[in-house]
Amino acid sequence: MTFEHNTLEQVTTWVNAGHVNDFPENGGSTISHDGDQIAVFNFTVLNKWFATQNLCPHKKQMILSRGIIGTEGETPKVACPYHKKTFSLETGENLNGCEDSIETFPIKIEDDTVFVGLYEKK
Ligand code: FES
């Protein structure tokens, strides 16, 4: 499985994920869109937002929104709460080098509303 780091140029739809206050500081929440689960992270310490697939590729668990966020060097990351596999929140790269990577999505904040950038899947 190849991972995809979706860029702004690829976005075809901005999905309203909710008000900024709906998301815990320095944590994640799950939103659903067209049957897909997306993990949205409010990384307050870095003053950044991230979105990734919610599915952890290790044991195929819908769990990443409940992962622990932090940094590895300059790279913001999420660690799956089950077996601690870690993924870059910026590119989705697996930082353990042993599992599939994950899909990431652009995020924007407008008028205190969080939008996740989705794209037309090929
Ligand atoms: S299910 Fe996520 S690390 Fe095992």
TODO: For the range 44-59, enumerate the residues that are within 16 Å of the ligand (Cβ to nearest atom) and either more than 15 Å from the chain's Cα centre (by Cα) or surrounded by fewer than 17 Cβ atoms within 10 Å (Cβ to Cβ) (or both).
DONE: His58, Lys59
Task: Residues of the range 28-42 that turn out to be in contact with a Gly (Cβ under 9 Å, 6 or more places away or on another chain) and not polar (S, T, N, Q), as a count - done: 5
Open item on the list: Considering only residues that are surrounded by fewer than 22 Cβ atoms within 10 Å (Cβ to Cβ) and touching a residue at least 40 places away in the same chain (Cβ under 8 Å), which ones fall in the range 18-38?
Closed with: Gly18, His19, Val20, Asn21, Asp22, Phe23, Asn26, Gly27, Ile31, His33
Task: Residue under evaluation Met62, criteria (1) within 23 Å of Leu95 (Cβ to Cβ); (2) without any contact (Cβ under 8 Å) to a residue 24 or more places away in the chain; (3) open to solvent by 50 Å² or more (accessible area, probe 1.4 Å), criterion not met - done: (2)
- [ ] Could you figure out which of (1) in contact with a Lys or Arg (Cβ under 7 Å, 6 or more places away or on another chain); (2) at pLDDT 95 or above isn't true of Lys77?
- [x] (1)
Open item on the list: Is it the case, given these coordinates, that Phe41 is assigned to a strand (DSSP E or B), within 16 Å of the ligand (Cβ to nearest atom) and crowded, with 16+ Cβ neighbours inside 10 Å?
Closed with: yes
- [ ] For the range 71-78, indicate whether the set of residues that are among the β-branched types (Val, Ile, Thr) and free of Cβ contacts under 8 Å to residues at least 40 places away in the same chain is non-empty.
- [x] yes
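For every residue, the table says whether it meets (1) open to solvent by 70 Å² or more (accessible area, probe 1.4 Å); (2) over 18 Å from Phe23 (Cα atoms); (3) touching a Gly at 6+ places or on another chain (Cβ under 7 Å).
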| position | (1), (2), (3) |
| --- | --- |
| Arg66 | yes, no, yes |
| Glu72 | yes, yes, no |
| Pro76 | no, no, no |
| His83 | yes, yes, no |
| Thr86 | no, yes, no |
| Leu95 | no, yes, no |
| Phe105 | no, no, yes |
| Asp112 | yes, no, no |
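The values are calculated or read from the model by the stated rules, or taken from the named source; none is laboratory data. Small disclaimer: the values here were computed from a predicted structure and weren't measured. Using ideal geometry, Cβ is built from the backbone for each residue, glycine included, and neighbour counts are taken over all protein chains shown. Accessible surface is based on the protein model in full, side chains and every heavy atom, while ligands, DNA and RNA are left aside. Shrake-Rupley method; radii C 1.70, N 1.55, O 1.52, S 1.80 Å.
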